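Bear in mind that the values in this text are calculations on the coordinates, not laboratory data. As the structure is a computational prediction, the values presented were derived from the model and not from experiment. Ideal geometry is used to build each Cβ from the backbone, glycine not excepted, and the neighbour counts take in all protein chains shown.
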Amino acid sequence: MAQAVTSHRGPVTGTAARARRRRPFLVDLYSTAVGKKYVMGATGIGLMGFVLFHMIGNLKMYAGAADLDHYAHFLQTLLYPLAPKGWVLWILRGGLITMLFLHLHAAWSLTVLNRKARPVKYQSSRDYQIANFASRTMRYSGIVILAFVVWHLLDLTFGVVNPEVGKMITHAGDDEAVKSVYASVVYSFQRTPVALFYVVANILLGIHLFHGAWSIFQSFGWNNPRFNKWRRSFATGFAALVVVGNVSFPVAVMAGIVG
């Protein structure tokens, strides 16, 4: 009678392929072109909202120094005394910086992917042509806008190039002094090169916003030719509103309307 032979398999050696560790879903999604477009769209919405409300808040300048200074003081004391003065504002600034970094990184990553592989186009070539000029200038306008943001922070936030930043003033009827933001803005725009840079940067911002507001629908796949006219009107109106509002500030100072 034949005896059954039992073979014992030895231990698996180190040369065997190991199971690949699964990455978190969001990281895995962001590694794709679609994921990067989602990030571009989401951060674009956040940054568009900030640009709009920042412009609306700055319109307080036309109501006078007290109104603008009190508005700035309100932002600096958000949720006080629940949170220390300035903390909430800096948390919001940190969120904006994070969104800006993700927006820039997604744009750069998509550019790299487009160069290495076939272009990742939107669903319709016709849609792309509508914003053709704006789309072709996005890279250059983005560089100028980034330089403007850095200057804007050095000028009106940190006061590196503006000696008026940080000075305190007590308005009539106030019990405590507040930062003289109005005087800082006026001093900044009384310098003609700074005012002109502000105007040029905001015109480029408008071009950037037009293409961004148009493209955001493609980024999320909300693309339908029936809505193209509405989308174009929205993109044009949003960009024009922001540009007119922002450009009016240096123009008003240079014209002597505000000062």
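When residues of region 224-258 are filtered for being closer than 20 Å to GLY57 by Cβ and outside any helix (DSSP H, G or I), how many remain? Give the derivation first.
Residues of region 224-258 that are closer than 20 Å to GLY57 by Cβ, as a first pass: 237-253, 257-258.
Now narrow it down to the ones that are outside any helix (DSSP H, G or I): 257-258.
Of the residues in that region, 2 qualify.
Just wondering, is there one or more residues in region 160-173 that are within 18 Å of VAL247 (Cβ to Cβ), touching a residue at least 24 places away in the same chain (Cβ under 8 Å), surrounded by 15 or more Cβ atoms within 10 Å (Cβ to Cβ) and not hydroxyl-bearing (Ser, Thr, Tyr)? Walk me through how you get there before you give the answer.
Initial filter on region 160-173 (within 18 Å of VAL247 (Cβ to Cβ)): none.
No: region 160-173 contains no residue that is within 18 Å of VAL247 (Cβ to Cβ), touching a residue at least 24 places away in the same chain (Cβ under 8 Å), surrounded by 15 or more Cβ atoms within 10 Å (Cβ to Cβ) and not hydroxyl-bearing (Ser, Thr, Tyr).
Limited to region 31-60, what total is found for residues that are of a type outside the set (Gly, Ala, Ser), out of contact with any helix residue (DSSP H, G or I) (no Cβ under 6 Å at 6 or more places or on another chain), part of a helix (DSSP H, G or I) and over 27 Å from VAL199 (Cβ atoms)?
So the answer is 2.
Would you check which residues across region 70-107 are closer than 19 Å to PHE148 by Cα, of a type in the set (A, V, I, L, M, F, W, C) and without any contact (Cβ under 8 Å) to a residue 40 or more places away in the chain and list them?
Residues satisfying the conditions are ILE97, PHE101.
Select from region 184-225 the residues that are closer than 30 Å to TYR30 by Cα and free of Cβ contacts under 8 Å to residues at least 40 places away in the same chain and write down the one among them that is surrounded by the most Cβ atoms within 10 Å (Cβ to Cβ).
GLY206
Are any residues in region 168-192 over 15 Å from ALA72 (Cβ atoms) and outside any helix (DSSP H, G or I), and if so, which ones?
ALA172, GLY173, ASP175, GLN190, ARG191
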